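Heads up, the thing below is written out as structure tokens.
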Amino acid sequence: MIIDFSVSNFRSIKDEVVLSAHAETTGTRLLENISFPSEKKIGVLKVVGIYGANASGKSNLLNAFKALRYMVAESGSLKENIQVPYYEPFVLDQATSIAPISFEIEFTLPKGNRYRYHITYTENRILEEGLSYYPSSQPALIFDRKEKDTWKTIRFGSSYKGGKKRLSFFENNSYLSKAGNSADAPEMIRDVYSYLTSGIFILGINQNAVKIDWHKDDDLLQKVNKLLSFVDTGIDGIQFVEDDSDAKADIVIPDRFPEEIKNALIKQHKKKAFFSHKTSGENEAYFEEKMESAGTIKLYRLAPILIDALKYGYTLILDELDNSMHPFIGELIVKLFNDPRVNKSNAQLIFSTHNINLMSPDNFRRDQVWFTEKKDGVSTLYSLDDFDKNKVKPSSPFGQWYIEGRFDAIPRINYQGILSIFDEKVGIDA
């Protein structure tokens, strides 16, 4: 589970912002919304929701997770002197437009161990990188890399034992990317690498979830069937039929994917889904995807990932949680992650949304609600818990007060200016 994530100088984020899922004070309200994955030592929120106007920085914050995952998962494959992808600094200030980007993340693994990883990089090299863990309340060093360090001078902590530690890397490769993908590396580093690359699932706006060959898992297929039927989609079942069309022409597969993954994706794309519906005569009619609503198809594609996340304890990061779906479906997903009867593996959901109905004291604690706001091109981030607790109580109508502008982070619309576009008699300054 992610405890804290800090970002600086990335896209519209100029100064450091920190998204925290740390339940610093548990209180007595909605205790079921908190997990204690690290031997009851620290409380972590199961769900975090981010609100804000369009272009306020919500997507940029969530894209920072993608950038971090790239640096961990794939920077190790970069050849020498190749530019670092995801170097996207804040460009509206000359000083920051060439300055480093920094990420830091604190998290717990399914085994319960707590870690903190940080990385700072420029267009062509990594300046700093480090990993520590918490055997007690004090962190213990695993490795530390400074700006002038090479693979020969990187420093290791005494607790980092077993396997081969000193692995060669170029200055544009992260050490974690190299070591985590090496069978020779200590198990500790491979566990961290596995969580940051496979334990966090990130889905952007209108991006389709991809789980290879999930329809071959009978148990998972039945759960998806039941989920779709229980949310009143009218779907009674799903069948897959081989499609002879050129599936490869319809999808974009990154060249970096191994051939077996490419072939599996192409093969899966050739499987066309048909959704059965009961007719008035108790027979069945089958509809193709294009005959179902956009919301139904989004839920159908998300469902396998959603079910797996809850089963195995993944962190699911979704930009625009309920885009194209009914607001009740977004509320359902939040409830599933908060419900300890369902979420038994410390799964976590971090999402952005415009759904005001979700912002309810019945769904969220104050520390689960976050806001992004942009001023002069700079995005800031703050929590509902930052407001005066004597004024914003745990039972306050969060959504209504947000609409009223009490928490800011809402669009400022110049109606007079817009009116002037359509009526020449109205001046913009009127």
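The values are calculated or read from the model by the stated rules, or taken from the named source; none is laboratory data. A quick note: this is a predicted structure, and the numbers were derived from the prediction, not measured. As a convention, Cβ positions derive from the backbone with ideal geometry for all residues, glycine included, and neighbour counts pool all protein chains shown. We work out accessible area using only protein heavy atoms, side chains counted, and drop any ligands, DNA or RNA first. Shrake-Rupley method; radii C 1.70, N 1.55, O 1.52, S 1.80 Å.
Details
- On the beta carbon distance between Val91 and Lys146, with R0 = 45 Å, the FRET formula returns roughly 0.95.
- Its residues counted as N, region 287-375 yields a C-alpha radius of gyration over 2.2 N^0.38 Å of 1.15.
- Burial order of peptide ranges 58-66, 271-279 (average beta-carbon count within 10 Å, highest first): 58-66, 271-279
- Filtered trypsin sites (Lys or Arg not before Pro), region 331-430: DSSP coil and at most 10 other beta carbons within 10 Å: Arg341, Lys391, Arg412, Lys425
- Apportionment of accessible area to carbon and sulfur, region 286-400, percent (1.4 Å): 52 percent
- For Arg412 and Asp362, the FRET efficiency from 1/(1 + (r/R0)^6), where r spans their Cβ atoms and R0 equals 41 Å, is about 0.90.
- Using only the C-alpha atoms, the convex hull of the chain corresponds to 204 Å³ per residue.
- Accessible area of region 99-175 belonging to carbon and sulfur atoms, whole % at 1.4 Å probe: 48 percent
- Cα-based reach from Lys46 at 17 Å (exclusive), listing aspartates and glutamates while leaving out same-chain residues under 8 positions away: Asp4, Glu24, Glu32, Glu106, Asp308, Asp319, Glu331, Asp339, Asp362, Asp367, Asp385
- Among the GluC sites (Glu not before Pro) in region 89-196, those located in a DSSP loop and surrounded by at most 16 other Cβ atoms within 10 Å of their own Cβ are Glu123, Glu147.
- Mean sequence separation of contacting Cα pairs (under 8 Å, at least six apart), scaled by the length of region 1-143, corresponds to a relative contact order of 25 percent.
- Two-site FRET efficiency, Gln83 against Lys290, from Cβ-Cβ distance with R₀ of 51 Å, rounded to 0.05: 0.80
- Value at 222 nm in deg cm²/dmol, rounded to 500, when DSSP H runs of n ≥ 4 in the chain each add -39,500 (n - 2.57): -7000 deg cm²/dmol
- Per residue Cα convex hull volume in Å³ - calculated over region 46-158: 154 Å³
- Apportionment of accessible area to carbon and sulfur, region 1-59, percent (1.4 Å): 46 percent
- Binned Cα-Cα distances of region 310-430, short to long, each 5 Å bin given as a whole percent: 2, 9, 16, 17, 17, 14, 10, 7, 4, 2, 2, 1, 0
- When each of Lys14/Lys41; Lys216/Lys311; Lys111/Lys216; Lys79/Lys165; Lys223/Lys290 is checked by Cα-Cα distance, pairs over 25 Å: Lys14/Lys41; Lys111/Lys216
- With the Kirkwood sum run over all distinct C-alpha pairs, region 75-215 has a hydrodynamic radius of 16.6 Å.
- Note: region 7-112, Cα convex hull, 134 Å³ per residue.
- From the Kirkwood radius over Cα pairs of region 176-231, Stokes-Einstein at 4 °C and 1.567 mPa s returns a whole-number translational diffusion coefficient of 91 µm²/s.
- Multiplying the residue separation of Glu242 and Thr153 by 0.36 nm and removing their Cα-Cα distance gives an extension gain of 26.6 nm.
- Accessible area per residue in Å² at 1.4 Å probe, computed on the chain: 50 Å²
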